[in-house]
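Some notes on the structure that comes next.
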Amino acid sequence: MANWKQRVRDLARQRPDAVPVWLSQPTTRAWYRVKWQTDGGVNKANARRPLLVVLQWLHGKSLLTKNGNGTLNFMLANEPVDESLSISMVNSTAVAFLDRCWDSWWSNCGINLAIDSAVESSAAITELDRLWSTYSNDESDEQSDPPKSPVGREFES
């Protein structure tokens, strides 16, 4: 029974109504939850839009885990699922990217998708691409920098 947590997560994703409320409460770190928006009065269809845009974009970059792909598939099929973008849904590269860029993307694009159904998703996708390019360039620059020698010390040969 070592895999009980995964079994509960699978059950919660497939049949949320079968899991007691106290057990289905989110406990993982998340950048976005549809519930946060609907609790604030945003219509559920609009609240799902930013999540779908980001999940599809992450999927296109192969940054989703099996859990993330499952959530995306359930959402696209309008099946009940925990509608969130949490740490278990993305790989380590995506975690670093989202930690660095989520707030900027949300305040510039994501929030507009949630509050106005007339807003096209293309600008939000373009912004994700721009942030990804900047993030990727910064990461490659950090990896290509030569190691710094200690200040004030000379190495003897």
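Bear in mind these aren't lab numbers, they're just calculated from the coordinates by the rules spelled out. Being a predicted model, the structure only gives us computed values, none of them experimental. Backbone-built Cβ (ideal geometry, glycine too); neighbour counts: all protein chains shown.
Highest mean first, what order results for 60-67, 39-46 on Cβ atoms within 10 Å?
Sorting 60-67, 39-46 by mean packing, highest first, produces 60-67, 39-46.
Decide, for the stretch 29-139, between rounded, prolate and oblate: order the square roots of the alpha carbon gyration tensor eigenvalues as a ≥ b ≥ c, take rounded if a/c falls under 1.5, and otherwise choose prolate if a/b is larger than b/c, else oblate.
Cα axes put the stretch 29-139 in the oblate bin.
According to a simple spin-label model (label point 7 Å from Cα along Cα-to-Cβ), what is the distance in nm between N137 and D103?
Rounded to a tenth, the inter-label distance reads 2.3 nm.
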